[in-house]
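The structure under discussion appears below in the form of C-alpha cells.
Readers should treat all values here as calculations from the given coordinates under stated rules, not as data from a laboratory. Please read these numbers as outputs of a predicted model, since none were measured by experiment. Every residue, glycine as well, gets a Cβ built from its backbone with ideal geometry; the counts of neighbours run over all protein chains shown.
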Amino acid sequence: MMNKKKRIVIALGGNALGNNLEEQKIAVKTTAIAIVDLIEEGCDVVIAHGNGPQVGMIHSAMSSISSIPLYVSGAMSQTYIGLDLENALRDELLNRGIKDMPVATVMTQVVVDKEDKSFENPTKPIGRFMSLEEANLAKKEHGYDIVEDSGRGYRRVVPSPSPKKIVEIDSINALVERGQLVICCGGGGIPVIQEGNSLIGVDAVIDKDFVSCLLAKELDADFLIILTAVEKVAINFGKENEKWLSYLSIEEAKGYIEEGHFAPGSMLPKIEAALDFAGSKEGRAALITQLEKAKEGINGETGTRIHM
Ligand code: ADP
Ligand code: MG
C-alpha cells in the first residue's frame, strides 16, 4: 500500500529568524535543521514566516533615504529573509544527502478587503521606538498613526487586515506538487487590494499566522504547524496555576479564548489560526510548538495539538 505523504504548512515565528543580519544568519541554521528533520520524517513541507523586526529595520533604513511605502519594505523583507533561509535549507539538505529537492522563495501578494475594519483601527506596532517629538514629526511628515507602546516609547501602528486570497497560489501549488521546497507568504504576504484587474499595495501588515492558515487550506494540507518560542500552549500563562496543554479541542479552545488565556498579538492569532484550520475539514490538525521540537511534535511527543 502506498502511503500518501503528509503535507505540512509551517509558520515560522520571530525566533526562527533573529532580529538583525548577524542573528538571522545563525538562526536560519537551527531553523533549517528543524525543517529538514520533518522532510526526513517523510513530510511534504511548505514554509511561511513572519517579518516583524526585518520589515521595521528595512523600512527605517530606506526611509532615511527617501519615502517608501511599507508594502515595498515588506516585499524587500521577503527576498532578504528568503535568501538566508533558502541557502540554509539547501545546505542542510545537501549535508544530509538529499540532492533532489530544489528550494525556492516565492514573492507573495495577498489580497485584503478594502473595507476591512482594521483600516479604521490600526493596531499593529511596527518599526523602532520613537520619542514624543519624533513621533509627532513622523505624524506630520508621513501621516503615520502613532501609539504609546507599553511605556517603552512611541511607535507607528498599521492596520492588520485579514488575508482573503493568495495571489501566487497556483504557482506555489505547482512547485509543491513537483516536490519542491517552497518559502512563501513571507511577513504575512504583501497586502494588496484589488481594483478592477489591478492589484494595489497597501500599508498594512497581515498576520503570518492567519495567512499560514489560508495557505494550508488552499494547499489542502494535513497539518498546520506553528513554530514559536514556547513548547506548548498554556492556560493561566505566567501565573502560579499555569497549565501546559498537550491537546486542545476546538470547543475547549473557544472557551479559553473567551476567558482571555491567550495574549492578543502573540498567542491569540496562533490559536485562532489553529482553530480555523483544524475545524475546516475532517482529518486536518494544527500543532503549536517550539522550533527545536518540531520533529517530536509531529510524532505526537510534545507540543499542543488542536483538532476537531
Ligand atoms: P512568534 O514570533 O512566533 O509569532 P510571538 O511572540 O508573537 O511569537 O508569540 C509567542 C509568545 O506568546 C510566546 O513566546 C509566549 O511568550 C506568548 N504567550 C502568550 N500567551 C501564551 C499562552 N497562553 N501560552 C503560551 N505562550 C503564550
Ligand atoms: Mg507573532
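For the chain, with a Gaussian network of springs between Cα atoms less than 10 Å apart, report the residue from Ala174, Ala221, Ala278 with the top mean-square fluctuation.
For the chain, modelled as a Gaussian network with Cα springs under 10 Å, the answer is Ala174.
What percent do you get for the relative contact order of the chain when only Cα pairs under 8 Å and 6+ apart count? Mind showing how you got there, number by number?
Details: 634 pairs, mean separation 65.7, N = 308.
Across the chain, relative contact order equals 21 percent.
Rounding to the nearest 10 and keeping the result within 0 to 90°, find how far the Cα-based axis of helix 52-63 lies from the longest principal axis of the chain.
The answer is roughly 40 degrees.
Taking each pair of different alpha-carbon atoms in the stretch 177-222 once, compute 1/r for the pair, average those values, and report the inverse of that mean as the Kirkwood hydrodynamic radius in Å to one decimal. Can you show the working numbers first?
Working: mean 1/r = 0.0819 Å⁻¹.
Result for the stretch 177-222, one decimal place: 12.2 Å.
Quickly rank 195-204, 107-116 as a protection proxy: mean count of other C-beta atoms within 10 Å, highest first.
Taking the mean over residues of other Cβ atoms within 10 Å, the ranking is 107-116, 195-204.
To the nearest 10 degrees, how steeply does helix 267-278 sit against the main Cα axis of the chain, on a 0 to 90 scale?
Rounded to the nearest ten degrees, it is 50.
Could you point to the residue in Ala263, Ala273, Leu215 farthest towards the positive end of the stretch 211-308's charge dipole, with +1 and -1 charges on the Cβ of Lys/Arg and Asp/Glu respectively?
Toward the positive end, the furthest listed residue is Leu215.
Multiply the residue gap between Glu133 and Leu199 by 0.36 nm, knock off their C-alpha separation, and tell me the result in nm, one decimal place. Kindly include the intermediate steps, with their values, before the conclusion.
Details: separation 66, 0.36 × 66 = 23.76 nm, distance 3.56 nm.
Gain in length upon complete extension: 20.2 nm.
Sorting Ser66, Ser266 on the 10 Å Cβ count, fewest up front, what's the list?
Final ranking by Cβ density, sparse to dense: Ser66, Ser266.
Return a whole-number percent for the relative contact order of the stretch 1-128, with Cα pairs under 8 Å and 6 or more residues apart as the contact set. Don't jump to the answer; show the numbers that get you there.
Details: 121 pairs, mean separation 36.0, N = 128.
Relative contact order here is 28 percent.
Can you tell me the 0 to 90 degree angle between the C-alpha axis of helix 208-218 and the longest principal axis of the chain, rounded to 10?
Computed tilt is about 50 degrees.
What FRET efficiency do you get for Ser246 and Asn95 if R0 is 35 Å and r is their Cβ-Cβ distance, rounded to the nearest 0.05? Could the numbers behind the result be given before it?
Values: r = 32 Å, r/R0 = 0.93.
After rounding, the FRET efficiency stands at 0.60.
What does the highest-first list of 224-234, 206-216 look like by mean Cβ count within 10 Å? Provide the component values of the computation, followed by the final result.
Working: 224-234: 22.2, 206-216: 26.7.
Highest-to-lowest ranking by the protection proxy: 206-216, 224-234.
Output the Kirkwood hydrodynamic radius of the chain, Cα pairs only, in Å rounded to one decimal. Walk me through the intermediate numbers first.
Values: mean 1/r = 0.0502 Å⁻¹.
In the chain this quantity evaluates to 19.9 Å.
Counting helices only, and only those DSSP H runs with n ≥ 4, report the 222 nm mean residue ellipticity of the chain as the sum of -39,500 (n - 2.57) divided by its residues, in deg cm²/dmol to the nearest 500.
Numbers: 9 runs with 115 residues, N = 308.
Computed ellipticity for the chain at 222 nm equals -12000 deg cm²/dmol.
May I ask for the distance between the Cα centers of the stretch 228-252 and the stretch 257-308, given as a whole number of Å?
Centre-to-centre (Cα) distance: 10 Å.
Compare the Cα positions of Phe237, Met107, Met62 along the charge dipole of the chain (+1 at Cβ of Lys, Arg; -1 at Cβ of Asp, Glu; about the Cα centre) and return the one farthest towards the positive end.
After comparing all options, I get Met107.
Whole Å is fine, so just give me how far the alpha carbon centre of the stretch 137-188 lies from that of the stretch 43-112.
12
Each residue of the stretch 23-32 in turn: what ³J(HN,Hα) in whole Hz from Karplus with 6.51, -1.76, 1.60 and θ = phi - 60°, glycine and Pro shown as x?
4, 5, 4, 7, 4, 5, 5, 4, 4, 5
How would you order 154-166, 84-96 from highest to lowest mean count of nearby Cβ atoms within 10 Å? Write down the numbers at each step before the final one.
Details: 154-166: 21.3, 84-96: 18.2.
Highest mean packing first, the order is 154-166, 84-96.
Rounded to the nearest 0.05, what FRET efficiency do Asp220 and Glu259 give with R0 = 45 Å and r taken as the Cβ-Cβ distance? Could you check? Display every interim value, and only then the final one.
Numbers: r = 33 Å, r/R0 = 0.73.
Approximately 0.85, to the nearest 0.05.
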